[in-house]
Amino acid sequence: MANDSIRDEVRAWLEQHWDPTLGVVEWRNKLADSGWGCVTWPVEWYGKGLAGSLEAVVREQFDKVGAVGVAAGVGMSLAAPTILGHGTDDVKSRFLKPTLTGEYKWCQLFSEPGSGSDLAGLTTKAELDGDEWVISGQKVWNSGAHKAAYGILLARTNWDVPKHKGISYFAIDMRQPGIEVRPLRQANGYSTFNEVFLDEARVPAANIIGDRDNGWAIALTTLAHERGANTARRPKFRNVAAGRCVAEAAQESAEYFSTYSWYPQRAGRPDLVPVQVRETGQSEDPVVRQQAMVVATQERLNRWTVQRSVAARKAGRPPGPEGSLAKLNGSLLARLCNAAHSEIVGAHGMLIGEEGPQNGMVNEVLISTPAMSIAGGTDEIQHNIIGERVLGLPKEPGSDADQPFRQVRTNLG
């Protein structure tokens, strides 16, 4: 009955308010004020306070009329959920709505070149100067940093406590003189990532998210959402010529997702495995057939794990262990695909462009798949998370975990 009531309510609202001639930001401002854009958010923060299971009901009505939803990207998938969970009312009032509308684009400033998977060993420093924090350091693997208005940043604010206890979480303005963004050219020819240099960049004290020195706990919220980001829904636009709003939203979405155009290859392209088997005439080869079946089986298992994540979100549960399991399964599938493609095409997999299998797509897969075991937290980190936080196993021994960070040897010396 609740589903029918919500369906009728959102349908009536759309009939009265959906206007494809509006600019996308103007429309999303209406959407934010109505609460129908983020129905699981609290009513006082641009939501309806509804259960996650009702999101699909609302989305169905939007799709029926071709109405545009909230902005896609790091802002809505990582920054907004973290701010919603840990930000002060002042922070929420300043950042949530323009993130929802797409006026504020975000990037993530966590990883550092000297810390590797030991994120808590970061050395970017933040020093309080009056009512501002002065930030200096270097970040890396920052997708979209060259287009972002704001970044979610981890920096060290206390060097005299253990490493996990001296980190703070900031929202930093990327459009200031103290920040330099440099693109990184990847082996597969793309430039998805950047490195970011911070030289006495400034952050208002009011832009700290949560409590000072408690940034690690807040970062875990962001990382949990990041591991579940593969369940995020890429918007589809039924009729781009339907009006200004749809056209602007489609352009925005295309620009954002173009950064990640190689991600299907990073995931291994399991869909190309049977295609390659048939096109190379190896359908009767028992070894090749077995590898293709292993890929198909793992792909189905991955799909079920993702469905578990979606079901958990719909039920209103926060991101849980299924995120780490999905990440590990994704890495495994990528490796299996890599091995299958290599077995099928042999040395021809080294060819790029039109001369290569699938116009060079297989070569792109072979070069890109190792990234799956690294990005978003390495496989080793995911194993630790599952072992320690899900199975309750003893923590991995670490000689510096309880030392004041000032005494720990780092890339700074």
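What follows draws every value from the coordinates through simple rules; no lab data is involved. All values reported here derive from a predicted model rather than from experimental measurement. Cβ sites come from the backbone with ideal geometry, for glycine too, and all protein chains shown count toward neighbours.
What the table below lists for this structure:
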{"quantity": "Extended-chain gain in nm, criterion 0.36 nm per residue less alpha-carbon gap, residue 314 and residue 131", "calculated": "61.8 nm"}
{"quantity": "Local net charge near residue 396, Cβ-Cβ under 15 Å (Lys/Arg +1, Asp/Glu -1)", "calculated": "-3"}
{"quantity": "Proxy reagent accessibility, fewest Cβ within 10 Å first, across 220, 154", "calculated": "220, 154"}
{"quantity": "Ranked list, fewest to most other Cβ atoms within 10 Å of each Cβ, for 76, 361", "calculated": "361, 76"}
{"quantity": "Residue-count net charge about residue 95 - beta-carbon cut-off 14 Å; Lys, Arg +1, Asp, Glu -1", "calculated": "0"}
{"quantity": "Quotient of C-alpha Rg and 2.2 N^0.38 Å, computed over the stretch 262-377", "calculated": "1.16"}
{"quantity": "Kirkwood Rh in Å, taken over all unlike Cα pairs in the stretch 131-258", "calculated": "16.9"}
{"quantity": "Neighbourhood charge, 11 Å Cβ-Cβ cut-off, centred on residue 276 and excluding it, Lys, Arg +1 and Asp, Glu -1", "calculated": "-1"}
{"quantity": "Estimated inter-spin distance, residue 3 and residue 234, nm [label 7 Å along Cα→Cβ]", "calculated": "2.8"}
{"quantity": "Sum of -39500 (n - 2.57) over DSSP H runs of 4+, divided by residues of the chain (222 nm, nearest 500)", "calculated": "-13000 deg cm²/dmol"}
{"quantity": "log₁₀ of I(q)/I(0) at q = 0.18, 0.20, 0.21 Å⁻¹ - the stretch 320-413, Debye sum with one point per alpha carbon", "calculated": "-0.86, -0.94, -0.99"}
{"quantity": "All-pairs alpha carbon distance profile, the stretch 201-293, 10 Å steps from 0, percent", "calculated": "12, 21, 22, 26, 13, 6, 1"}
{"quantity": "Cβ-Cβ FRET estimate between residue 43 and residue 348, R0 fixed at 56 Å, reported to 0.05", "calculated": "0.45"}
{"quantity": "Equivalent ellipsoid semi-axes, the chain, via Cα gyration tensor eigenvalues times 5, rooted, Å", "calculated": "34, 32, 21"}
{"quantity": "Set of lysines with alpha-carbon distance to residue 92 below 26 Å, sequence-local pairs under 8 removed", "calculated": "30, 48, 105, 125, 139, 147, 165, 314"}
{"quantity": "Mean-position separation - Cα centroids, the stretch 1-43 and the stretch 322-392, in angstrom", "calculated": "39"}
{"quantity": "Cα Rg over Rh - the stretch 2-72, Kirkwood", "calculated": "0.93"}
